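The block underneath contains the structure these notes are about, expressed in structure tokens.
The values are calculated or read from the model by the stated rules, or taken from the named source; none is laboratory data. Because the structure is a prediction, the values reported are computed rather than measured. Here the Cβ positions follow ideal geometry from the backbone for every residue, glycine too, while neighbour counts run over all protein chains shown.
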Amino acid sequence: MNLTKRFLQAVFAAVFAIGTLVIAAAPASASSYTIKMGADNGMLAFEPKDLTVSAGDTVSWQINKMPPHNVVFDDGKAPDADLAKAMSNTKMMFASGDTYDVTIPADATPGTYTYFCSPHRGAGMLGKLTIQ
Ligand SMILES: [Cu+2]
């Protein structure tokens, strides 16, 4: 193998390696989601009640109908109990349009996190947030 050929092979290898790094380092675009608290039809429900998100995404729970509401994750059954606690907002929210925002941390343990609204849990105000 002559030196020129060896040099070209090294250049190609370097370009390929750098390209791979750039692709790996590119941040995935984050999405924002809104979950209505109190469905449009007046039911005591989260809407949507099932949502799948990724790390970096923001979920905004918004007072829509029939307040007060809150967001309490079941830490006992969560893939990560600490994250479930951190994502909870046990304080009651009253005002129409008020939001409670959570940004899914980069190191979030994937899985399904179930939650409820404490005053309306018995009425079936339950939700599921799946982190993929
Ligand atoms: Cu509620």
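Enumerate the pairs (first residue in region 95-118 and at negative phi; second residue anywhere and outside any strand (DSSP E or B) and loosely packed, with under 14 Cβ neighbours inside 10 Å) with beta-carbon separation below 6 Å, excluding pairs fewer than 6 apart on the same chain, so at least 6 apart or on different chains.
Within 6 Å, the pairs are 110/132.
Run down 17, 106 and say which single residue is within 20 Å of the chain's Cα centre (by Cα), outside any strand (DSSP E or B) and either modelled with pLDDT of 95 or more or surrounded by fewer than 17 Cβ atoms within 10 Å (Cβ to Cβ) (or both).
Step by step, each of 17, 106 is checked, and only 106 is within 20 Å of the chain's Cα centre (by Cα), outside any strand (DSSP E or B) and either modelled with pLDDT of 95 or more or surrounded by fewer than 17 Cβ atoms within 10 Å (Cβ to Cβ) (or both).
Looking only at region 75-103, how many residues end up being part of a loop (DSSP other than H, G, I, E, B) and either within 12 Å of the ligand (Cβ to nearest atom) or out of contact with any helix residue (DSSP H, G or I) (no Cβ under 7 Å at 6 or more places or on another chain) (or both)?
Qualifying residue count for the region: 8.
So which pairs qualify, if the first residue must be in region 66-85 and at negative phi, the second must be at pLDDT 95 or above and acidic (Asp, Glu), the Cβ gap must be under 7 Å, and the two must be at least 6 apart or on different chains?
Going by the 7 Å Cβ cut-off, the qualifying pairs are 84/74.
Six or more apart or on different chains, Cβ atoms under 8 Å: show the pairs whose first residue is in region 30-52 and within 30 Å of residue 106 (Cβ to Cβ) and whose second is polar (S, T, N, Q) and not in a strand (DSSP E or B).
As it stands, the answer is 30/54; 31/54; 36/64; 37/64; 47/64; 52/132, since those pairs meet every condition given.
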